[in-house]
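For reference, the structure discussed in these notes is given below.
The values are calculated or read from the model by the stated rules, or taken from the named source; none is laboratory data. Quick caveat: nothing in here was measured; it's all calculated off a predicted structure. Ideal geometry is used to build each Cβ from the backbone, glycine not excepted, and the neighbour counts take in all protein chains shown. Ligands, DNA and RNA are stripped out before the accessible areas are found, and what is left, the full protein with its side chains, is counted by its heavy atoms. Shrake-Rupley method; radii C 1.70, N 1.55, O 1.52, S 1.80 Å.
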Amino acid sequence: MRLNRLDLNLLVALDALLSERSITRAAERMHLSQPATSGALARLRDFFDDELLVRVGAQMMPTPLGESLQAPVHNILLQIQATVERRLEFNEAESNRNFRLLMSDYTSTTFMAGIVEQLANVAPGVCLEFYAPTNNPWEKLEQGEVDFLIMPEHVLSSSHPTQHLFDEGFACITWDKNSAINDSISVKQFLDLGHVSVRFGSQRTLSQDQVILKEQHGLEPNVEIVASTFGAIPQYLVGTQRIATVYRHLAETWTKYLPLKMVPTPVDMPTIPWGVQWHKFRDLDPGIQWLRTKIINHAEQFNGA
């Protein structure tokens, strides 16, 4: 072993360099100057006797050795971080810890609202930071950039612990003065009326209701508005005859406060299982255990709502 020749802080630099593939971005990530980051890369190249990163055109690309080191080095750093940050207990009343959760605005609006209310009383110093979904949300968890994913279970990774939370159904919503719809909606009306839909991420992924309608029922609604968040849907319904198919809890929340009405979907739609996931290296972190318990306990009330 030659660890006496390697400053272990250089592993942090190696992780940033292999992840960012840019000296400038790696320097910004580590809050170092570019010369200092270039110096760290030079020392790493000397230690491993390999270039690790080489310039290809305008980009830097890892060598075969550099690519083989990326995942192990990152996992080592996550394990070290989890070890040194471990505490014997978590004091909710005194903690000022920041927890990062990746979820859609549907989840933050409905499910998380109850948890936020609870924590305001028992853990006033704790901060919850919500991140919007990405094309590959599990990558944020793998990289240690978020503490939890709360998403449909089919999206979650098989590499980390997961707990089932609740099953969510669907409903249709429209302006409460929409004369075209009474207490129900037929398939013909559903297809004739304009729809507001949602697509996510840079790949513009279809929302779950659109996937189900197309794959299970062969229905392709007349989509007139495509929003990027659930929260934008109501403003495109009020004053029109448009409709939207959304998660049931979201429809129930909106109809309490907005001039909207909810009707059953014209075809049977399955419920979607939702789960919470955390990094396997954080499984014994008392803070993660505490918030995880809060989330799971709240899911029992949410399921019965």
(request) Inspect the range 21-41 for any residue being over 33 Å from the mean Cα position of the chain (by Cα) and not in a helix (DSSP H, G or I) and give the result as yes or no. (result) no
(message) For the range 253-305, give me the residue count where each residue is assigned to a helix (DSSP H, G or I), out of contact with any strand residue (DSSP E or B) (no Cβ under 7 Å at 6 or more places or on another chain) and either open to solvent by 40 Å² or more (accessible area, probe 1.4 Å) or closer than 17 Å to Ile173 by Cα (or both).
(response) 12
(request) Report yes if some residue within the range 78-101 is exposed (fewer than 14 other Cβ atoms within 10 Å of the Cβ), modelled with pLDDT of 90 or more and part of a helix (DSSP H, G or I); otherwise report no. (result) no
(message) Please pick out the residue among Asn178, Asn182 that is open to solvent by less than 10 Å² (accessible area, probe 1.4 Å), part of a loop (DSSP other than H, G, I, E, B) and farther than 29 Å from Leu78 by Cβ.
(response) Asn178
(request) For the range 110-133, name all the residues that are under 20 Å from Pro152 (Cα atoms), open to solvent by 60 Å² or more (accessible area, probe 1.4 Å) and out of contact with any helix residue (DSSP H, G or I) (no Cβ under 6 Å at 6 or more places or on another chain). (result) Glu129, Tyr131, Ala132
(message) Which condition from (1) under 15 Å from Asp285 (Cα atoms); (2) without any contact (Cβ under 8 Å) to a residue 12 or more places away in the chain is the one that Phe99 breaks?
(response) (2)
(message) Going through Val223, Val238 one at a time, which residue ends up being among the aliphatic types (A, V, I, L, M) and in contact (Cβ under 8 Å) with a residue 60 or more places away in the chain?
(response) Val238
(request) Output the number of residues of the range 227-249 satisfying the condition of being more than 21 Å from Gln189 (Cβ to Cβ), hydrophobic (A, V, I, L, M, F, W, C) and either modelled with pLDDT of 95 or more or surrounded by fewer than 16 Cβ atoms within 10 Å (Cβ to Cβ) (or both). (result) 1
(request) Name every residue in the range 1-51 that is among the acidic types (Asp, Glu) and either under 14 Å from Met61 (Cα atoms) or touching a His at 6+ places or on another chain (Cβ under 7 Å) (or both), in order of residue number. (result) Asp15, Glu20, Asp50, Glu51
